[in-house]
Amino acid sequence: IPKEEYDSALIVNTNAEDLLEFMDVHEKIKWIHTMKPIANEQVKKRIADSSIHLTNSLDIFLESLAEFVLFSILYFAKRTPYFLEKRAKHQWAPTTVQSPKDMTVGIIGQAGVGCFVADLIKRSIGSKIYACCNDSIEIKEQYSKVCDHIFDIWDNRKLLELSDFVVGILPRGYRFYNFFNIGRFKLMKETAIFINIGIGSTVAENNLVEAIEQKMIAGASLNSFSQNPLPKTSKLYDMKEVLLTYNCAHKTSDYTEQAMNIFGEELKKYIKNIPSD
């Protein structure tokens with residue numbers, strides 16, 4: 001669009017690189033609506049230093065990601081890998097299963113998603129919930145309504161030692177690169193399950209493979225990876241203790257419809273100059 005032909009610009013975008021390029025060309029942008037989180041630090045700073053109105057459709061992720069965590073907990077608590085293995089061998093092998101209400105779930109990362117996860121788990125299966133985050137006091141207060149205890153994000157040792165399930169919800173960034181590494185896996189129970197719905201680069205995947213092979217932890221449920229698609233040479237494909245969902249836990253059948261419904265509501269507010277929630 002030639003600069004002289006517009007007064008403002010609306011962008012609905014999911015790619016940070018394209019967004020940055022567009023911002024370089026069109027200086028009259030007034031509103032940006034994103035479908036996914038903006039992880040690019042340069043883009044976030046440009047928006048923060050401007051008067052651009054920023055909205056998103058991120059709420060559609062909350063319910064589906066929380067459901068994925070609940071599914072993962074039940075998948076392992078009810079010993080699904082064991083039953084699949086015995087069925088494949090045509091073996092009749094009754095055993096005991098675990099009750100999630102007697103177990104502890106530790107959540108490390110973004111409280112926005114974490115609150116939703118904690119609330120669903122507490123209402124559904126009644127597990128004890130610990131959380132680590134460094135968000136605002138307001139969000140921590142909201143978190144405290146559904147958690148049994150809250151730690152600072154860097155005070156995670158106790159959470160790792162006490163939790164039967166450790167849920168990672170960390171964002172992209174150099175501070176959290178390979179955050180879940182061999183040192184932290186060693187702190188976890190030998191019976192613990194690691195669940196990641198955060199950014200894939202926050203997990204040192206080779207360390208995770210080692211931790212499972214060496215029986216430091218019992219297994220993992222992964223929805224995101226440091227490289228998408230996961231290379232065919234990855235050992236994770238061959239590990240019966242690992243549940244993989246290929247970065248699609250949030251992609252429900254009505255994903256696009258929900259996203260556009262949220263965009264439609266934000267568009268109405270923007271036209272009428274009504275502040276977003």
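Return the residues of the range 268-277 that are open to solvent by less than 90 Å² (accessible area, probe 1.4 Å) and either in contact (Cβ under 8 Å) with a residue 40 or more places away in the chain or not hydrophobic (A, V, I, L, M, F, W, C) (or both); say none if nothing qualifies. If you could, list the steps in order and put the result at the bottom.
Let us first name the residues in the range 268-277 that are open to solvent by less than 90 Å² (accessible area, probe 1.4 Å), namely 269-270, 274, 276.
If the condition is that a residue be open to solvent by less than 90 Å² (accessible area, probe 1.4 Å) and either in contact (Cβ under 8 Å) with a residue 40 or more places away in the chain or not hydrophobic (A, V, I, L, M, F, W, C) (or both), then Lys269, Tyr270, Ser276 are the ones that fit.
Results for (1) touching a residue at least 60 places away in the same chain (Cβ under 8 Å); (2) among the hydroxyl-bearing types (Ser, Thr, Tyr); (3) closer than 17 Å to Ala118 by Cβ; (4) in contact with a Lys or Arg (Cβ under 8 Å, 6 or more places away or on another chain), shown as yes or no for each residue.
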{"position": "Asp148", "(1), (2), (3), (4)": "no, no, yes, yes"}
{"position": "Ile169", "(1), (2), (3), (4)": "yes, no, yes, no"}
{"position": "Tyr174", "(1), (2), (3), (4)": "no, yes, no, no"}
{"position": "Arg184", "(1), (2), (3), (4)": "no, no, no, no"}
{"position": "Glu190", "(1), (2), (3), (4)": "no, no, no, yes"}
{"position": "Leu230", "(1), (2), (3), (4)": "no, no, no, no"}
{"position": "Leu236", "(1), (2), (3), (4)": "no, no, no, no"}
Would you say His33 is at pLDDT below 80 and open to solvent by less than 80 Å² (accessible area, probe 1.4 Å)? no
Out of (1) assigned to a helix (DSSP H, G or I); (2) out of contact with any His (no Cβ under 9 Å at 6 or more places or on another chain); (3) over 26 Å from Arg184 (Cβ atoms), the odd one out for Ile60 is which? (2)
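A quick yes/no check of all residues on (1) among the β-branched types (Val, Ile, Thr); (2) within 15 Å of Ile197 (Cα to Cα); (3) in a helix (DSSP H, G or I):
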site	(1), (2), (3)
Arg87	no, no, yes
His90	no, no, no
Ala93	no, no, no
Gln98	no, no, no
Val117	yes, yes, yes
Arg123	no, no, yes
Gly126	no, no, no
Of the residues in the range 71-92, how many are open to solvent by 30 Å² or more (accessible area, probe 1.4 Å) and either hydrophobic (A, V, I, L, M, F, W, C) or in contact with a helix residue (DSSP H, G or I) (Cβ under 6 Å, 6 or more places away or on another chain) (or both)? 6
Are there any pairs, at least 6 apart or on different chains, whose C-beta atoms fall under 8 Å, with the first in the range 240-256 and among the acidic types (Asp, Glu) and the second in a loop (DSSP other than H, G, I, E, B), and if so, which? Glu241/Ala218
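When you go through Gly106, Gly114, Gly173 one by one, which is the residue that is on the phi > 0 side of the Ramachandran plot and touching a helix residue (DSSP H, G or I) at 6+ places or on another chain (Cβ under 9 Å)? Spell out the reasoning first.
Values: Gly106 fails: on the phi > 0 side of the Ramachandran plot; Gly114 fails: on the phi > 0 side of the Ramachandran plot.
Criteria check complete, one pass: Gly173.
With the range 139-246 as the region, which strands (runs of 3 or more DSSP E) entirely inside it contain at least 1 residues that are buried (at least 18 other Cβ atoms within 10 Å of the Cβ) and hydroxyl-bearing (Ser, Thr, Tyr)?
219-222
The values are calculated or read from the model by the stated rules, or taken from the named source; none is laboratory data. Since this is a predicted model, take the numbers as computed values, not measurements. Here the Cβ is made from the backbone with ideal geometry for all residues, glycine too, and neighbour counts use every protein chain on show. Just so you know, the surface numbers come from the protein's heavy atoms only, side chains and all, with ligands and any DNA or RNA stripped out. Shrake-Rupley method; radii C 1.70, N 1.55, O 1.52, S 1.80 Å.
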